[in-house]
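Novice: Next up is a structure, given as structure tokens.
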Amino acid sequence: MKKKVVTKDELDRWIREAKMNAEFPQHRAHGAYGNPRIDKNSEIICKECGTEFGCDINAGKDTCWCFDYPNVLKSKSQNCLCKDCLSKKIREKKMVIKKEFLDLGRQPIANKFLKEDEFNEEFFFDLKVVFDEDTKLVSLKEFVKPELMFNEDYVYHTSLSVPMVKHFKEIAEMLMKEFNPLTVMEIGSNDGAFLKNWLNDYTIGVEPCGNFAKVTEDMGYQTYSEFWTTELSEKIKNDGHVDFDLIYAANCICHIQDLDDCFSAIKNILSKKGIFVFEDPSLLRMLERGSYDQIYDEHAHIFSVTALDNILRKNGLILFRVDNLSVHGGSNRIYVRHANIPTDLIPDEFVRNNLQKEKEFGIDKFQTYEIFAERVEKSKEDLCKLLSELKEAGKKVVSYGATSKSTTVFNYCDIDETLIECITDTTPDKQGLLAPGSHIPVVDRESVNLKDFDYVFLGAWNFKDSIANRERDFIKAGGKFITHVPEVMEFS
Ligand code: TMP
């Protein structure tokens, strides 16, 4: 007898149906399971609130939007719930609706450069990434204790980056011109690159890293060397500060693990007509570019406009403007106000466009993240293959920029000194030390003649053009660059 050949489509469908059987008995309840009933009318009635809502299975699809949620219905005889009631039930039951999609392996503190005698105490954690079906937020599965990352030893000096100093001067000028705030607070004020553009009598900083808090105190800005919490917002109020017209934060809010507390603290201290402006890496840009190295210990979340819109609303705030920026490989600057200011209830067209663009990309669908994870695995395979081939061919590789991003890449791809000889970096605090996890030596750019190497791996790929321009002589001498964004490739 001839054996029946099962096509891949059939197999996929069986798997989906089996999954449905196990996890989504509610579909069987309305007769859809296994044999989708193709109704002209795909609407069904929510058994909780009685409203009509769409069922994708009834509409003839193989999957339904509710597959992305955990099953809250115990009995097969129960009918389906609409999205709002299902989300409410999940929250009531405190069920986890954070679904893991990416595992980047054991990772160290991305900015903790170390000496050889510190290897035994080096801290590692599992870098896994989850998607929250309720708010659409992408976060780390396991957060690292903030004190392990942000302390006296923190080495990222904003003022050492000329493009970033320019960036903060320009944004300060723009905010001054457009919003004219009298009182200003920066959260995550680092070494004062933004603060220094404002009068110190009316401006304060918040910076948990004591080394930097001291720098801005010395510049004349009162600086609270603490983490941003509701408790701190109360303390600042109790110290006699009036509410702030502008609260600004750059590459900092995505570090804060408890976003509900963070935003209610903002609400607590933002003046009635004040604005809260913050910028962080964009999830959409990360997904488009495949730049998984945006994910490291400090980035507790990678924000989409969609998720922020949901979480800010929950906390009585409203997002009224979004600027798409090129810094840090693609960021969004988000403008926020109190939700009860009537004139600003209508978000501007950029907010709507951003939400639309994200929806079109599928930022609210778990499947998008599963596809991204496959792309990341492929990137790892390609990079490991390329570097091994170069090693076998006796080629020498150096990395450019001891970035937090490269910590993720080197540890995820098991890249060490045998594949990349050293990393050049302009930051004195990193030079002479070994990179986190990979233990590749970090050296001053000036101490290295790039012509001694055949390839330069771009750890700071987001500065690709300026690095390639600066290192023209390396290219002229036959050298090549390697980048892994948007995919692993060589170029010259
Ligand atoms: P980050 O991407 O983790 O913020 O860090 C950027 C690091 O890259 C910082 O240590 C400075 C370094 N760097 C160089 O050494 N040379 C360069 O040309 C650039 C753009 C960055």
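A short reminder: the numbers here are calculations on the coordinates, not readings from a lab. Fair warning: this is a prediction, and the values are worked out from it, not measured in the lab. Because the Cβ atoms are built from the backbone with ideal geometry, glycine has one as well, and the counts that use them run over all protein chains shown.
Novice: Express the Stokes-Einstein translational diffusion coefficient of segment 240-372 in µm² s⁻¹, to the nearest whole number, given a Kirkwood radius over alpha-carbon pairs, 4 °C and a viscosity of 1.567 mPa s. Show your work: numbers first, answer last.
Specialist: Working: Rh = 15.3 Å.
My calculation gives 85 µm²/s for D.
Novice: Further question: Would you calculate the volume per residue, in Å³, of the smallest convex hull containing every Cα atom of segment 274-329?
Specialist: Values: hull volume 5.4 nm³, N = 56.
Taking only Cα atoms, segment 274-329 has a hull volume of 96 Å³ per residue.
Novice: Run the dipole for segment 231-329 about the Cα centre, Lys and Arg Cβ at +1, Asp and Glu Cβ at -1, nothing else charged, and hand back the magnitude in debye, nearest 20.
Specialist: Details: 10 positive and 16 negative charges, 93 e Å.
For this selection, approximately 440 debye.
Novice: Where does the Debye-calculated log10 I(q)/I(0) of the chain sit at q = 0.10, 0.11, 0.13 Å⁻¹, using only Cα point scatterers of equal weight, no solvent?
Specialist: Computed log10 I(q)/I(0) values: -0.87, -1.02, -1.28.
Novice: Distance in nm between label sites at residue 473 and residue 170, each 7 Å beyond Cα in the beta-carbon direction?
Specialist: A separation of 2.9 nm, rounded to one decimal place.
Novice: Here's a follow-up. Straight distance only, please: which lysines reach the Cα of residue 273 with their own Cα at less than 21 Å, same-chain residues fewer than 8 apart left out?
Specialist: Within the straight-line limit of under 21 Å, residue 273 reaches these lysines: 177, 237, 314.
Novice: Quick check: convex hull over the Cα atoms of segment 85-209, volume per residue in Å³, rounded to an integer?
Specialist: Values: hull volume 23.6 nm³, N = 125.
Cα-based convex hull of segment 85-209, divided per residue, equals 189 Å³.
Novice: Cross-link candidates for residue 235: which lysines have Cα within less than 16 Å, leaving aside residues fewer than 8 places away along the same chain?
Specialist: Reachable lysines: 267.
Novice: Take every DSSP beta bridge with both residues inside segment 305-444 and express the antiparallel ones as a percent of the total, to the nearest 5.
Specialist: Numbers: 9 of 15 bridges.
In segment 305-444, approximately 60 percent of DSSP beta bridges are antiparallel ones.
Novice: Taking 22 Å as R0, compute the FRET efficiency from the Cβ-Cβ separation of residue 180 and residue 235 and round it to 0.05.
Specialist: Details: r = 27 Å, r/R0 = 1.24.
After rounding, the FRET efficiency stands at 0.20.
Novice: Name the aspartates and glutamates eligible as straight-distance cross-link partners of residue 480: C-alpha to C-alpha under 16 Å, and not fewer than 8 places from it in the same chain.
Specialist: Leaving aside aspartates and glutamates fewer than 8 places away in the same chain, those within reach of residue 480 are 389, 421, 452, 454, 465, 471, 490.
Novice: Mind scanning 128/405; 98/365; 128/380; 61/365 and naming the pairs with a C-alpha gap bigger than 20 Å?
Specialist: Beyond 20 Å between Cα atoms: no listed pair.
Novice: Sorted from largest down, what three extents in whole angstroms do the Cα atoms of segment 326-395 have along their principal axes?
Specialist: The principal-axis extents, from largest down, are 66, 27, 17 Å.
Novice: Over all distinct Cα pairs, what is the inverse of the mean 1/r for segment 333-471, reported as the Kirkwood hydrodynamic radius in Å? Please report the intermediate quantities before stating the final value.
Specialist: Details: mean 1/r = 0.0552 Å⁻¹.
In segment 333-471 this quantity evaluates to 18.1 Å.
Novice: If each Cα of segment 389-432 is one equal point scatterer, what is log10 of I(q)/I(0) from the Debye formula at q = 0.26, 0.32 Å⁻¹?
Specialist: One equal scatterer on each Cα of segment 389-432 leads to -1.00, -1.20.
Novice: Would you please report the Å³ per residue occupied by the convex hull of the alpha carbon atoms in segment 127-274?
Specialist: Values: hull volume 19.4 nm³, N = 148.
For segment 127-274, the hull spanned by Cα atoms encloses 131 Å³ per residue.
Novice: Additional query: At R0 = 22 Å, how high is the FRET efficiency between residue 326 and residue 151 if r is their beta carbon distance? Nearest 0.05 is fine.
Specialist: 0.15
Novice: At 0.36 nm per residue, and after removing the present C-alpha to C-alpha distance, how many nm does the segment from residue 361 to residue 418 gain when stretched out fully?
Specialist: 16.6 nm
Novice: Restricting to bridges with both residues inside the chain, how much of the DSSP beta-bridge set is antiparallel, in percent to the nearest 5? Write down the numbers at each step before the final one.
Specialist: On the way: 35 of 66 bridges.
Counting only bridges with both partners in the chain, antiparallel ones make up about 55 percent.
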